[in-house]
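Student: Okay, handing you the structure first.
The numbers here are math on the coordinates, done by the rules we state, and not lab data. Owing to the predicted nature of the structure, the values given are computational and were not obtained by experimental measurement. Note that we place each Cβ from the backbone using ideal geometry, even for glycine, and neighbour counts take in every protein chain shown.
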2 protein chains.
Amino acid sequence: MSRFAGLTPLLAPRSIAVLGASSDATRIGGRPIAYMRAQGFKGALYPVNPNRSEIQGLKAYASVADLPETPDVAIVAVPADLAAPAIEDLAKRGVKGVVMFTAGFAEMDEAGAVKQDAMVAVARAAGMRILGPNCLGVFDARRSYYATFSSSFDSGWPVLGRIGIASQSGAYGTHLYTLARNRGIGASLCVMTGNEGDVTVGECIGWLAENDEVDVIAVYAEGIREAPGLIAALEAARAAKKPIVMQKVGRSELGEKAAKSHTASIAGDDAVTEAVMREFGVYRARNSEEMLDIAHTATRKIYPVSNSLGVITVSGGAGVLISDVAESLGLAMPEMPLDAQKKLRDLVPFCAPRNPVDATAQVSNDVTLVKTFTESMVRDGGYASVLGFFSMTASSRRWPAIREQLNVVKTENPDRLYVLSVIVQPDRRDELEADGWVVHEDPTRAVTAIDAMGRFGAGFAARPGAPAPVVPAVTLPASAPSEAEAKQLLATAGIASAPEAACSTVDDAVRAAERFGFPVVMKILSPDILHKSEIGGVLLDVADAGAVRSGFALLLERAKAAAPSARIDGVLVARQLKGGVECILGIHRDPVFGPMAMFGLGGIFVEVLKDVVFHRCPFGTDTAEAMIRSIKGAPLLLGARGRQKADIAALADMLSRLSAFAVAAGDGLASVDLNPVFAMPEGEGAFAVDAVIELG
Amino acid sequence: MSRFAGLTPLLAPRSIAVLGASSDATRIGGRPIAYMRAQGFKGALYPVNPNRSEIQGLKAYASVADLPETPDVAIVAVPADLAAPAIEDLAKRGVKGVVMFTAGFAEMDEAGAVKQDAMVAVARAAGMRILGPNCLGVFDARRSYYATFSSSFDSGWPVLGRIGIASQSGAYGTHLYTLARNRGIGASLCVMTGNEGDVTVGECIGWLAENDEVDVIAVYAEGIREAPGLIAALEAARAAKKPIVMQKVGRSELGEKAAKSHTASIAGDDAVTEAVMREFGVYRARNSEEMLDIAHTATRKIYPVSNSLGVITVSGGAGVLISDVAESLGLAMPEMPLDAQKKLRDLVPFCAPRNPVDATAQVSNDVTLVKTFTESMVRDGGYASVLGFFSMTASSRRWPAIREQLNVVKTENPDRLYVLSVIVQPDRRDELEADGWVVHEDPTRAVTAIDAMGRFGAGFAARPGAPAPVVPAVTLPASAPSEAEAKQLLATAGIASAPEAACSTVDDAVRAAERFGFPVVMKILSPDILHKSEIGGVLLDVADAGAVRSGFALLLERAKAAAPSARIDGVLVARQLKGGVECILGIHRDPVFGPMAMFGLGGIFVEVLKDVVFHRCPFGTDTAEAMIRSIKGAPLLLGARGRQKADIAALADMLSRLSAFAVAAGDGLASVDLNPVFAMPEGEGAFAVDAVIELG
């Protein structure tokens, strides 16, 4: 049985009890019953209310114990003070799922959180899952299952379709579903997790990934509270080739504050969540329209592994705009082959045959030109995706004839992604959607959605990365290691530091410097002096033996002056690395996702531009190299503008070893900072110059 | 008379002739007549066609000469080979404006461009303005003036309103207007300039800026071909406090290519156009929906100079999302005053009173809470902009009561910008719009539009910048100056270089170095060696007198080895600047906008990250300082992370002087590169270390 099958009684029940059932169809205890009665839920529906014998035409029961059978799920719509006894009754009865509308728990205050934890403990002991509390519930229009008090159905019922929604926010989940419905987009299954006392949005994603009636998953999240469920869910979705589009809010500090006050959720580090989403090819939507655009386009299930865009139009004009958008997204718009261009130009002398392909107003005289031109794009041009920009032409009288021609091409070449940018009334839009076109009004949004399909395709086709390096077991010291100890510990995992030697005498220092070659760096060595630079305890560019001797004396003198009682172990002499690119490699333990590796360019890049990338640990060298190449400043390492190419392979090796080290070190490791690491010219390695390890 | 009044006969005529008039209401010579007949154009309409005596119920004339009066405007819909004689006839008759649909000119080939130029010359000699050729024309629904063959009216007539559209592309102009109409947004005046043989989109913007029936201007441009008209237009719009929203395409290389093939337009440098738009507070829209969102919001004519956003909701959930968007745009969302928070919490114990303010579902029991809470936001919170997120609540049965409460607050406090994010059917949307609310479905788009109003407000309120520095007349040399000559020329404008001296003897060099202080930089001085670094002709870190002596000999030796016949003038000795931040200042002459100044951080910032800013020349120090502060890397100059603050004042002074120098130098100046310029710590100045001047 799969990890997520345990949610089936909750999300697709055969029988339902409603605790706090109301005869008033507008109250939260009345709405679910009214909805399911109106829409014809097929299973048993048991109102529970000690004061009524009949509710909305159904027999009502005085208590859970009185029910004629154990329902799969119970909707709890009782006041907060009656919630705990209700959960106990349900657990006793052996109910497998609870949808808990009742509010007044963790979202309120600390006392509420304690009450919530107690209820969840009761449920867990009984093997009963709770959605909520303080949640808007779940609905699946295909099963006429409405365990929700959302008032959104006042304005209409869902359009059946193959998008499943999982949302932490009830208000936003129904906002999204309503937007979809108004656009004729089928999103008929929607789970809203509220406080996530028990069931998380991650688990809901996993259950949707295993649901045969869902092809695409749309997610709204404010903060991820639990990693294993989410990771398993993302793996399940990827295995099933089901794209996930996610709107993750709480990006800003302001947003994080609001997230905490709103759903008592741990907003976590946005960059970390972003990294996990990128790892699994989840598309991060910027707003709810983009989310729906992309989810809807994805229901065609065409995910080009190597995407390319051909544009057909009969009126020009938007070609520049479309090219701009494609270029900014990195979506290829190759030109048509020259012989195909010639063929089209022979047909229509003043056509634009390159791409965008413009058949011109000649189409008015001969509508079969639409077919000829589009066919040439598909067959000769070989584009994976075809976008027709017809704007308000699609509302004109010539449109039915054009549509017919387009459909011929589409039917004969069903393996492409077909999208139209048109301005039409809903009936004409629905016709085109039924033909198999994806309809977007705005060409910018159309191109964005097409590009997303290629990203999904590339994600699904990606082969698993190289395994993470194997590193020996790590035994962390009892207290934070010194720089030298940290480097030694890291060296066991194959992480190289700049050649250096701890020297207790001035002669040792001179010998070490001569061995490394000048110039060298000298640093005071003392367990009691942590911030060496601040006391002048670091000397750069030490150029010869004489300078080593005078430097040695100077460092001891400064240490003594700054910290008279400090223990002095001597002086560290290290090779000074020249010609390398300064990078930063790091680890920090995220409370949800565990150790996360970070890579960036050093100095101003990380400080001012925040040009860094994160990844869960551990990972192999190919993932590490992809991380390195993904930052904005990567050209600096790749030999931009006549610079020397840096040793990317050595850098990637170090980063992947660091990720394996972090896992091997276990929970006791809070963070590692290798700053700077010098990436030397190709073939000359990468060396950590400073290393700080913090324990948790 | 204003600069743009000459377009009035063309864009708001009292009488119209149609050359190539057709009895077929679907042909390009038939549509304008059909449209104006259907909509009741008030002035005279004269079909011209030598083969018919009557067209669409109107008396037809055989020729322009036969017309009973000289029309204000003539629509030319004749075949390309009849266009030139038609223009001659019209010029002879004294017609003031021509709307030229006919295609086959500059958009086609070089021969077409020649024909187009000839027609424009004829028109200009006669004081006649041409819109087009190859244009879709112009319409103004308020006057029932339809000099266009756009088929977009097949699906409906424009909604009257106060947005004017100017578009270079006909297809995109009507796409935009149709989108507006379908959303119930009033954009009833639309000019499409096509090939711009004569009338430019800039002039059309200017005419709209002076048109009393237009409050907001929406522009679609592929490339600006003429600067003075555009600049005068932007000045006129700013003076009239009319916001401009512009979609400028051709951003990408791909896009620029397509732009050229599509409208024969010089796409120009996108960064330059962007700089001009920024200078005049033009909002650059990312897509047509954003353009309409912002243009429509702007028709309320509330442009807060100091914007702030207060959010009211009855269901929470989108608060995080809204906060994220506001934060990313830099739109302030201050918290409610503490006493106001207390007041609201006293009313509704579990409300969220901070901002977003959530009155909770308690509103169902007491709808006046909506008024109380919103009023507190407006009066106690003092927010310039108020956004109500009510999503599908606005489609529910409780909505009319909520709307009434909201309207009370709105009516009593009319000076704020009021926006709603709701999901409603068009009739309910139109009601709310009539109440004075701006309605957006998507909260992200709502926040973006609100933010744009603040940007307009700040732009309108901005005081004129300090005048550009006065610099002496510049006499450029006959050929490109050497580095030393360039620095001397720039010094006359007060642009400081690092202290340096041309030294013909080694003793001179030692004396100069001792005067400047060590270390110094030494460079070979020769008019025949341009790329000094490549032959090893630059020595850095020259540390003492001995090193100056050996360096002098080394440079002469290297120069001789690399270029035996080169004239050697000696060696340049310069102070080596330490501790400064490397910047780049430059000038390049844009073919459309003239000299443009550039500022960026040096090295990788300009090369890899393209982190630069442009501005038209000349400008004063406050503009220069704003440029400097606007780049991403600015924190480096402003003392980020414990760095020394750079001498921003000196840098701004140099940049503004450079801008004045560029203007004083006139058309002969092609470019200036000051790279690097060292911005020294505060109070220590800024110095150009290298200077290259290229002549045009």
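Student: When every alpha-carbon pair in region B:581-695 is counted, what percent end up more than 19 Å apart?
Tutor: 40 percent
Student: Something else: For region B:325-476, what is the relative contact order in percent, using Cα pairs closer than 8 Å and at least 6 residues apart in sequence?
Tutor: This gives 20 percent for region B:325-476.
Student: Based on a Kirkwood Rh over C-alpha pairs, give the Stokes-Einstein translational diffusion coefficient of chain A at 10 °C and viscosity 1.306 mPa s in µm²/s.
Tutor: 54 µm²/s
Student: Follow-up. Order these by the 10 Å Cβ neighbour count, fewest first: B:483, A:514.
Tutor: Ranking B:483, A:514 by Cβ neighbours within 10 Å, fewest first, gives A:514, B:483.
Student: With +1 on the Cβ of every Lys and Arg and -1 on the Cβ of every Asp and Glu, and nothing else charged, how large is the dipole of region B:1-136 about its Cα centre, in debye rounded to the nearest 20?
Tutor: Charge dipole of region B:1-136: 560 debye, to the nearest 20.
Student: Using a 10 Å cut-off on Cβ to Cβ distances, tally the other chain neighbours for every residue of A:389-400 and report the average as a whole number.
Tutor: Rounded to a whole number, the mean comes out at 5.
Student: Report, to two decimal places, the Cα Rg of the protein assembly as shown normalised by 2.2 N^0.38 Å (N = number of residues).
Tutor: Normalised by 2.2 N^0.38 Å, the Cα Rg of the protein assembly as shown equals 1.04.
Student: Show the residues, 5+ positions off or on another chain, whose built amide H is closer than 5 Å to the amide H of residue B:669.
Tutor: HN-HN under 5 Å from residue B:669: B:696.
Student: Okay, next question. Less than 11 Å Cβ to Cβ from residue A:573, Lys/Arg counted +1 and Asp/Glu -1: what total charge do the surrounding residues give?
Tutor: Result for the neighbourhood of residue A:573: +1.
Student: Just to be sure I understand: of the beta bridges DSSP finds with both ends in region A:348-453, what percent are antiparallel, rounded to 5?
Tutor: Looking only at bridges with both residues in region A:348-453, the antiparallel portion is about 10 percent.
Student: Still on this structure, I have one more. Once you compute Rg and the Kirkwood Rh from C-alpha atoms, what is the Rg to Rh ratio for region B:1-136?
Tutor: The Rg/Rh ratio comes out at 0.95.
Student: Using the C-alpha gyration tensor of region B:522-654, what are the square roots of 5 times its eigenvalues, in whole angstrom, with the largest one first?
Tutor: Calculated on Cα positions only, the semi-axes equal 35, 21, 12 Å.
Student: Report the percentage of all Cα-Cα pairs in region B:499-575 whose separation exceeds 14 Å, rounded to a whole percent.
Tutor: 52 percent
Student: Something else: Once both axes come from the Cα atoms, what is the angle between helix A:110-125 and the longest principal axis of chain A, in degrees from 0 to 90, rounded to 10?
Tutor: Relative to chain A, helix A:110-125 is tipped by roughly 70 degrees.
Student: Also: Mean separation of Cα pairs under 8 Å and 6+ residues apart, divided by the residue count of chain B: what relative contact order is that in percent?
Tutor: Normalised by residue count, the contact order of chain B is 8 percent.
Student: Give the order of A:131, B:329 when sorted by the count of other beta carbons within 10 angstrom, beginning with the fewest.
Tutor: In increasing order of surrounding Cβ atoms, one gets B:329, A:131.
Student: With point charges of +1 on the Cβ of Lys and Arg and -1 on the Cβ of Asp and Glu, referenced to the Cα centre of region A:1-137, which listed residue (A:98, A:78, A:2) lies farthest in the positive direction of the dipole?
Tutor: A:2
Student: Give the aspartates and glutamates reachable from residue B:42 as a straight Cα distance under 17 Å; neighbours fewer than 8 places away on the same chain don't count.
Tutor: Here the aspartates and glutamates satisfying the reach criterion relative to residue B:42 are B:69, B:72, B:140.
Student: Sticking with this one: Mean separation of Cα pairs under 8 Å and 6+ residues apart, divided by the residue count of region B:158-299: what relative contact order is that in percent?
Tutor: Relative CO of region B:158-299 lands at 25 percent.
Student: Any of A:532/A:632; B:59/B:96; A:301/A:632; A:487/A:578; A:248/B:342 with alpha carbons more than 24 Å apart? Name them for me.
Tutor: Correct reply: A:532/A:632; A:301/A:632; A:248/B:342.
Student: Could you state the angle between the C-alpha long axis of helix B:426-435 and the longest principal axis of the C-alpha atoms of chain B, as a value from 0 to 90 degrees rounded to the nearest 10?
Tutor: That helix lies at roughly 70 degrees to the long axis.
Student: Helix B:270-279 against the longest principal axis of chain B: what's the angle in degrees, Cα atoms only, rounded to the nearest 10?
Tutor: 80 degrees
Student: Hey, another quick one. Using Stokes-Einstein with the Kirkwood hydrodynamic radius over Cα pairs, what translational diffusion coefficient do you get for region B:452-506 at 10 °C and a viscosity of 1.306 mPa s, in µm²/s rounded to a whole number?
Tutor: Reported coefficient: 103 µm²/s.
Student: Students often get this wrong: which residues of region A:669-696 have the backbone nitrogen under 12 Å from the point 7 angstrom along Cα-to-C-beta of residue A:644?
Tutor: Residues A:679-686 fall inside that zone.
Student: Just to check I understand the Karplus step: with θ = phi - 60° and J = 6.51 cos²θ - 1.76 cosθ + 1.60, what whole-Hz values come out for region B:458-474, glycine and proline as x?
Tutor: So the J values, rounded to whole Hz, are 5, x, 5, 7, 4, 7, x, x, 4, x, 5, x, 8, 10, x, 4, 10.
Student: Ordered by residue, what ³J(HN,Hα) values in Hz, to whole numbers, does region B:535-547 give under the Karplus form 6.51 cos²θ - 1.76 cosθ + 1.60, where θ = phi - 60° and Gly and Pro are x?
Tutor: With coefficients 6.51, -1.76 and 1.60, one gets 9, x, x, 10, 10, 9, 6, 6, 9, 7, 4, x, 5 Hz.
Student: Let me ask another. Considering region B:309-461, what Rg and Dmax in Å follow from its alpha-carbon atoms?
Tutor: Answer for region B:309-461, Rg first and Dmax second: 14.3, 44 Å.
Student: Determine, from the Cβ-Cβ distance of residue A:684 and residue B:622 and an R0 of 35 Å, the FRET efficiency 1/(1 + (r/R0)^6), rounded to the nearest 0.05.
Tutor: The computed FRET efficiency comes out at 0.10.
Student: Quick check on the exposure proxy: order A:444, B:374, A:411, B:193 from fewest to most C-beta atoms within 10 angstrom.
Tutor: A:411, A:444, B:374, B:193
Student: Just the number: Rg to Rh for region B:402-528, Cα atoms, Kirkwood Rh, two decimals.
Tutor: 1.47
Student: Under the Kirkwood approximation for Rh and a Cα-based Rg, what ratio Rg/Rh is obtained for region B:150-224?
Tutor: Here the Rg-to-Rh quotient is 0.96.
Student: Dividing the Cα convex hull volume of region B:158-299 by residue count, how many Å³ per residue is that?
Tutor: It comes to 91 Å³ per residue, whole-number rounded.
Student: Also, I was wondering about something else. If you average the alpha carbon positions of region B:225-240 and of region A:292-330, how far apart do those two centres end up, in angstrom?
Tutor: Each part's Cα centre sits 35 Å from the other's.
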